[in-house]
Amino acid sequence: MKNLHRLISILSVLLLVAGSAWIWQRFTAAAPATVMPQPAGTHDTVTFPANAPQLAFLNISEVDSEPVPLIEPLNARIAYDDNLTARVSSPITGRVLRILKEPGDRVQQDDPLAELDAPDYALAVSDSQKAEADLSRKLQALERARLMLEAQSIARKEVEQAETDWRLAEAEAYRAKERLANLGGSHNAAGHYLLRAPLAGTITERQINAGSEVRPDAAQPLFVITDPEHLWVQVELPERQLGKVELGQMAIVEVDAYPGEGFAATITVIAGALDPATRRIQLRCEVKNLDRRLKPEMYARMTPIAREHDRLPRVPNAALITEGLNSYLFVETAPGVLKKRKVDLAMRGHKFSYVKAGLSVGERVVTSGALLLNSELGNQ
């Protein structure tokens, strides 16, 4: 009986295996095999079908023209245009009562920025008023002395003494008036000092709060007023590159905030001496910031260019294939048709290269995956 059960178990397993094999054969015979599209082409052209998965690994972009740089981009910094910027500090010790303007506000010259409680300013106003009153009294005394001299009522030396007193009072009134003018600002009906804007512009920084104490020797300005539509680009130029730049030359400024976008600038200042510590020369550009996207203290890159109208097709270095002394890239001549083409480079930079022959603006170039295409071409 035990042998009979063992025989039945073996037969069941064999039947199960045979049935599984029969089902698998029927399934494979019914399901067609999936074939991946294969590229075709000639010795310099690769052609892919429209649904080829290899196309997903390629980036193809239209070529734009850009001005040809003279040197590699230089590290730079966006800065205020100091010719149009005022860093406003308090000329007198006091305490802030009210802040009248905020960052972003547009101000005109002499607009009040803050109201201060400044006893020293009140003293200066008092001194000026006293000096003016004393000057008026001494002038009246001089006029009376002259009339009495005509009537022969006093001696001439008394007239001379009155004139001397008037001259001294005039000098003191002038000194007090100039000291008051040097403090700037003005006072309101309550006698408080009003800190005023020295020029028209936009407030970009504020370093005070209501109730804080201010002093003339403070390290930081209370307000910064500038024209944000005009900025400087500060550059430290290596000594070996000095011959590549000149005054009035055009330059392109780029910042990380707007990748791939350049801002036109003009070189306006080249320092007369090198920094002995860094062996670099200070260079300054002016850039117009009409849309106000550039901000002071941004890090930037500045690239001098020969002439704005001298433009060539620009491609990323990842699009280039170097074979010996020659450079090649793949150009899309039709959808899915990629042709390997030899090009001549005017300049090869750190990220981009400029093509002087072999490529036209508007053509579509493989910018990523060119090495894979080249290997595919070698396998054909």
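The values are calculated or read from the model by the stated rules, or taken from the named source; none is laboratory data. On a predicted model such as this, the values are computed, not experimentally measured, just so you know. In this analysis, Cβ positions are derived from the backbone assuming ideal geometry, glycine residues included, and neighbour counts consider all displayed protein chains.
Specify which of the listed residues (Arg240, Arg293, Arg301, Arg311) is surrounded by fewer than 16 Cβ atoms within 10 Å (Cβ to Cβ), within 23 Å of the chain's Cα centre (by Cα) and not hydrophobic (A, V, I, L, M, F, W, C).
After ruling out the rest, the residue left standing is Arg293.
Residue-wise test of (1) of a type in the set (A, V, I, L, M); (2) loosely packed, with under 13 Cβ neighbours inside 10 Å; (3) assigned to a loop (DSSP other than H, G, I, E, B); (4) in the same structural domain as Lys351 (by TED's automatic domain parsing).
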{"site": "Glu205", "(1), (2), (3), (4)": "no, no, no, no"}
{"site": "Trp232", "(1), (2), (3), (4)": "no, no, no, no"}
{"site": "Glu254", "(1), (2), (3), (4)": "no, no, no, no"}
{"site": "Glu261", "(1), (2), (3), (4)": "no, yes, yes, no"}
{"site": "Ala277", "(1), (2), (3), (4)": "yes, yes, yes, no"}
{"site": "Glu286", "(1), (2), (3), (4)": "no, no, no, no"}
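Could you list all residues from the range 343-354 that are hydrophobic (A, V, I, L, M, F, W, C) and either part of a helix (DSSP H, G or I) or at pLDDT 90 or above (or both)? Step through it out loud before you land on a result.
Keep residues of the range 343-354 that are hydrophobic (A, V, I, L, M, F, W, C), which gives 343, 345-347, 352.
Of everything in the range 343-354, just one residue is hydrophobic (A, V, I, L, M, F, W, C) and either part of a helix (DSSP H, G or I) or at pLDDT 90 or above (or both), namely Val343.
Okay, residues lined up against (1) of a type outside the set (S, T, N, Q); (2) not in a helix (DSSP H, G or I):
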| position | (1), (2) |
| --- | --- |
| Gly243 | yes, no |
| Thr268 | no, yes |
| Ala273 | yes, yes |
| Leu283 | yes, yes |
| Arg292 | yes, yes |
| Met302 | yes, yes |
| Arg314 | yes, yes |
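Do the conditions hold for Gly324, that is, is it at pLDDT below 90, under 22 Å from Ser375 (Cβ atoms) and surrounded by 14 or more Cβ atoms within 10 Å (Cβ to Cβ)?
Numbers: at pLDDT below 90: yes; under 22 Å from Ser375 (Cβ atoms): yes; surrounded by 14 or more Cβ atoms within 10 Å (Cβ to Cβ): no.
No: the conditions fail for Gly324.
Looking at (1) surrounded by fewer than 15 Cβ atoms within 10 Å (Cβ to Cβ); (2) under 30 Å from Phe330 (Cβ atoms), can you tell me which one Ile60 breaks?
(1)
Only residues that are under 11 Å from Leu116 (Cβ atoms), of a type in the set (A, V, I, L, M, F, W, C) and part of a loop (DSSP other than H, G, I, E, B): list them for the range 208-230, please.
Ile208, Ala210, Leu222
Within the range 142-158, can you find the residues that are more than 30 Å from Glu178 (Cα to Cα), buried (at least 16 other Cβ atoms within 10 Å of the Cβ) and modelled with pLDDT of 85 or more?
none
Is one or more of the residues making up the range 352-368 among the aliphatic types (A, V, I, L, M), surrounded by fewer than 17 Cβ atoms within 10 Å (Cβ to Cβ), closer than 26 Å to Ile305 by Cα and touching a strand residue (DSSP E or B) at 6+ places or on another chain (Cβ under 6 Å)?
Filtering the range 352-368 for residues among the aliphatic types (A, V, I, L, M) gives 355, 357, 359, 361, 365-366.
The next check asks that each one be surrounded by fewer than 17 Cβ atoms within 10 Å (Cβ to Cβ); those that pass are 357, 361.
Next, from what is left, pick out any that are closer than 26 Å to Ile305 by Cα: 357, 361.
Remaining after also requiring touching a strand residue (DSSP E or B) at 6+ places or on another chain (Cβ under 6 Å): 357, 361.
Yes, the conditions are met somewhere in the range 352-368.
Every residue in the range 134-158 that is more than 30 Å from Ala124 (Cβ to Cβ) and part of a helix (DSSP H, G or I), please.
Going residue by residue through the range 134-158, those that are more than 30 Å from Ala124 (Cβ to Cβ) are 144-158.
Selection gives Arg144, Ala145, Arg146, Leu147, Met148, Leu149, Glu150, Arg156, Lys157, Glu158.
Going through Gln109, Gln161 one at a time, which residue ends up being out of contact with any Phe, Trp or Tyr (no Cβ under 6 Å at 6 or more places or on another chain), assigned to a loop (DSSP other than H, G, I, E, B), at pLDDT 85 or above and not basic (Lys, Arg)? First the steps, then the outcome.
Working: Gln161 fails: assigned to a loop (DSSP other than H, G, I, E, B).
Residue meeting the stated conditions: Gln109.
Can you find a residue that is modelled with pLDDT of 90 or more, touching a Phe, Trp or Tyr at 6+ places or on another chain (Cβ under 8 Å), more than 17 Å from Tyr121 (Cβ to Cβ) and not small (Gly, Ala, Ser) anywhere in the range 178-199?
Scanning the range 178-199 turns up no residue that is modelled with pLDDT of 90 or more, touching a Phe, Trp or Tyr at 6+ places or on another chain (Cβ under 8 Å), more than 17 Å from Tyr121 (Cβ to Cβ) and not small (Gly, Ala, Ser).
Evaluate the range 24-36: report whether one residue or more is in a loop (DSSP other than H, G, I, E, B), surrounded by fewer than 18 Cβ atoms within 10 Å (Cβ to Cβ) and either modelled with pLDDT of 90 or more or among the acidic types (Asp, Glu) (or both).
Initially, the range 24-36 is screened for residues in a loop (DSSP other than H, G, I, E, B), giving 31-36.
Applying the additional criterion that residues be surrounded by fewer than 18 Cβ atoms within 10 Å (Cβ to Cβ) yields 31-36.
From what is left, the residues that are either modelled with pLDDT of 90 or more or among the acidic types (Asp, Glu) (or both) are none.
No, the conditions are met nowhere in the range 24-36.
Against the condition more than 30 Å from Ser65 (Cα to Cα), touching a residue at least 40 places away in the same chain (Cβ under 8 Å) and touching a helix residue (DSSP H, G or I) at 6+ places or on another chain (Cβ under 7 Å), how does Ile203 come out, does it pass? Walk me through how you get there before you give the answer.
On the way: more than 30 Å from Ser65 (Cα to Cα): yes; touching a residue at least 40 places away in the same chain (Cβ under 8 Å): yes; touching a helix residue (DSSP H, G or I) at 6+ places or on another chain (Cβ under 7 Å): no.
For Ile203, the condition - more than 30 Å from Ser65 (Cα to Cα), touching a residue at least 40 places away in the same chain (Cβ under 8 Å) and touching a helix residue (DSSP H, G or I) at 6+ places or on another chain (Cβ under 7 Å) - is not met.
Exactly one of (1) closer than 25 Å to Val96 by Cα; (2) surrounded by 15 or more Cβ atoms within 10 Å (Cβ to Cβ) is unmet by Ala181. Its number?
The failed condition is (2).
One line per residue, one yes/no per condition, for (1) over 16 Å from Tyr174 (Cβ atoms); (2) surrounded by 17 or more Cβ atoms within 10 Å (Cβ to Cβ):
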{"site": "Lys101", "(1), (2)": "yes, yes"}
{"site": "Val107", "(1), (2)": "yes, yes"}
{"site": "Asp110", "(1), (2)": "yes, no"}
{"site": "Leu113", "(1), (2)": "yes, yes"}
{"site": "Leu116", "(1), (2)": "yes, yes"}
{"site": "Tyr121", "(1), (2)": "yes, yes"}
{"site": "Glu132", "(1), (2)": "no, no"}
{"site": "Gln140", "(1), (2)": "yes, no"}
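Testing Ile281 on (1) over 12 Å from the mean Cα position of the chain (by Cα); (2) closer than 24 Å to Arg314 by Cβ; (3) touching a residue at least 24 places away in the same chain (Cβ under 8 Å), one condition comes back false. Which one is that?
Result: Ile281 fails condition (2) only.
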